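Heads up: the structure comes next, in structure tokens.
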Amino acid sequence: MKKEIDSNTIIGVVGAGTMGAGIAQLAAAAGHEVLLYDAVDGAVGRGIETVMKGLNRQIQREKMTEEQRDALIGRIHPANQLKILGRAGLVIEAIIEDLEIKREVFSKLEKICNDDVILATNTSSISVTAIGAALQDPGRLVGMHFFNPAPVMKLVEVVSGVATTRETADVVYALSKAWNKVPVHAKSTPGFIVNRVARPFYGEALRMLQEGVADVATIDAALRDCAGFRMGPFELMDLIGIDVNFAVTQTVYEQMFDDPKYRPSLIQREMVDAGRHGRKTGRGFYDYSEAAEKPLPPIEKKGPQPGGVFHCGALGVAERLLGIFDQRGISVTEETGTGSLRIDDVRIALTDGRTATARARDEGCDNLVLFDLALDYSETPRVLLAASDRSVPAAREKAAGLFQAIGKGVTFIDDSPGMVVMRTIAMLVNEAADAVHQQVATPADLDTAMKMGVNYPRGPIEWGEQLGLLNVLTVLDQMACTYGDDHFRASPLLRRIVNGFGTFHGRV
Ligand code: NAD
């Protein structure tokens, strides 16, 4: 097997579509000569044309000269027959997502290429083990999962199947680094890292919509404004294509042998069946017609300005609110308690996974209003609240008044376990813990993958540790108890770490 691939190595790329053209550009930019092949006549020409257009945009932005563009394009050579790729020192496949067709192509490549040539697949959902099984030497096949657009997105998941040798994975890892990418090692399991760990981001939003917890605009705004994600889950599904996102969810669910953790959503199937596939069809969770206005989350009317607030026991990650009250001239008086704020007979507390109604009953306090998690309480422009069914209307008004007094827009959602942000983050942390437990990736690689592959504001493992893994586990256990559904079962590794040292650090 090749020990190293330098820029003198010729790179073969099979498939000149969205990903193949991007990978060819990337390899050529790193100084390699590239042989680009596609089964469809004219596809290579169109692929090179796409690369050309992208480079012209870079010239307009003065990031590249015409000479650099011409030199780069000059290194991408159309190959009109697969056998020409026999000259390559590494071949990367980016053809249609179909196991049988990929197997067929790799069987041919194995005969065409020298024995020491690494064969890589850009598959996003097919088992690398299953593709490799078609080869005489499956040790040479590895996943090299780029993200779209390949020249821009930093992450490469280097995916090892059962037979992939460590040497093969290490060579591709080192090459990805040389191409200025951020590689991570992953085991060939459904969804690899990113497409698995990201499932709750969409899945919980869809469940909450189905349960009437909040509308699309509120859930999106909460995850953007309060949690720091670049886009809300519904905006993102509309961009990706609701049909594409549904297909990935279904594939992961089926490949996981119908594990309820990954169960797809009825609402999403309805959207697919209705032909509302997102931006590309002009209608998804949002309406993209010219006349349409983007809906906004409902904002609660102004409540009474509080003179002061009682601080009854530590608020955990929401303790930061006390300094903000102080800055805004709201006096804080200490009182013993189990972690809440109090204005008159109204208790205001951070969600712990119980509904406000259940917690009001547990704690013998009818006028309970819960607030949702925020990444940074001083920065967030918005706070979500949920009132106990047993509360009087004045409780809701007083709680709203408190957050409005520190400059926050307040949106009430229906009383639900874990609210919107806490529920989503707890489920992401849980999925990340499970992926670590099942040896898919190390905690560090997993966090890197989520930050680089899908621009998460924090890696889920790091986020869980900042929230306190015990708090996360409590939220998960409360949700599992309320729903009685294995969908919410906590990862055994998360439970073990909570019972042990409380951190993933240095564990794996
Ligand atoms: P695409 O449809 O844009 O391009 C696929 C190309 O492969 C087409 O030009 C097609 O003519 C060609 N092709 C099909 N069968 C072939 C064969 N037998 N031999 C040679 N060429 C053949 O698809 P894409 O979006 O570039 O996806 C390619 C691969 O990359 C898939 O495995 C996909 O899962 C994966 N991927 C896609 C994305 C993405 O966002 N599009 C991201 C990561 C990975």
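The values are calculated or read from the model by the stated rules, or taken from the named source; none is laboratory data. All values derive from a computational prediction rather than experimental measurement. Neighbour counts run over all protein chains shown; Cβ positions are idealised from the backbone, glycine included.
A compact table of results
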{"item": "Test: residue in segment 64-77 that is within 11 Å of the ligand (Cβ to nearest atom) and in a loop (DSSP other than H, G, I, E, B)", "result": "no"}
{"item": "Qualifying residue in segment 330-342 (condition: of a type in the set (A, V, I, L, M, F, W, C), modelled with pLDDT of 95 or more, farther than 26 Å from residue 213 by Cα and touching a helix residue (DSSP H, G or I) at 6+ places or on another chain (Cβ under 6 Å))", "result": "yes"}
{"item": "Among the residues listed as 385, 322, the single one being at pLDDT 95 or above and under 16 Å from residue 419 (Cβ atoms)", "result": "385"}
{"item": "Breaking point among (1) within 20 Å of residue 204 (Cα to Cα); (2) part of a loop (DSSP other than H, G, I, E, B), for residue 243", "result": "(2)"}
{"item": "Long-range neighbours under 8 Å by Cβ, at least six apart or interchain, first residue without any contact (Cβ under 8 Å) to a residue 24 or more places away in the chain within segment 431-448, second surrounded by fewer than 24 Cβ atoms within 10 Å (Cβ to Cβ)", "result": "447/458; 447/459; 447/462"}
{"item": "Residue within segment 64-81 that is under 33 Å from the mean Cα position of the chain (by Cα), over 28 Å from residue 102 (Cβ atoms), without any contact (Cβ under 8 Å) to a residue 24 or more places away in the chain and surrounded by 13 or more Cβ atoms within 10 Å (Cβ to Cβ) present", "result": "yes"}
{"item": "Flag if residue 104 is of a type in the set (D, E, K, R) and within 16 Å of the ligand (Cβ to nearest atom)", "result": "yes"}
{"item": "Filter pass, residue 218 being closer than 24 Å to residue 294 by Cβ, surrounded by 20 or more Cβ atoms within 10 Å (Cβ to Cβ) and β-branched (Val, Ile, Thr)", "result": "yes"}
{"item": "In segment 83-98, the residues that are surrounded by fewer than 19 Cβ atoms within 10 Å (Cβ to Cβ) and under 21 Å from residue 18 (Cα atoms)", "result": "96, 97, 98"}
{"item": "Output for segment 385-400, where each listed residue is crowded, with 18+ Cβ neighbours inside 10 Å and either within 35 Å of the chain's Cα centre (by Cα) or among the β-branched types (Val, Ile, Thr) (or both)", "result": "385, 386, 387, 388, 396, 399, 400"}
{"item": "Of all residues making up segment 50-63, the number that are within 16 Å of the ligand (Cβ to nearest atom) and either surrounded by 13 or more Cβ atoms within 10 Å (Cβ to Cβ) or among the aliphatic types (A, V, I, L, M) (or both)", "result": "3"}
{"item": "The listed residue being crowded, with 21+ Cβ neighbours inside 10 Å and either within 11 Å of the ligand (Cβ to nearest atom) or among the β-branched types (Val, Ile, Thr) (or both), out of 44, 40", "result": "44"}
{"item": "Unmet requirement for residue 3, which otherwise passes all of (1) touching a Gly at 6+ places or on another chain (Cβ under 7 Å); (2) at pLDDT below 95", "result": "(1)"}
{"item": "Of all residues in segment 10-28 being under 28 Å from the mean Cα position of the chain (by Cα) and of a type in the set (Gly, Ala, Ser), the one that is farthest from the ligand (Cβ to nearest atom)", "result": "27"}
{"item": "Residues satisfying the stated conditions in segment 423-462, i.e. β-branched (Val, Ile, Thr) and under 25 Å from residue 150 (Cα atoms)", "result": "440, 442, 448, 454"}
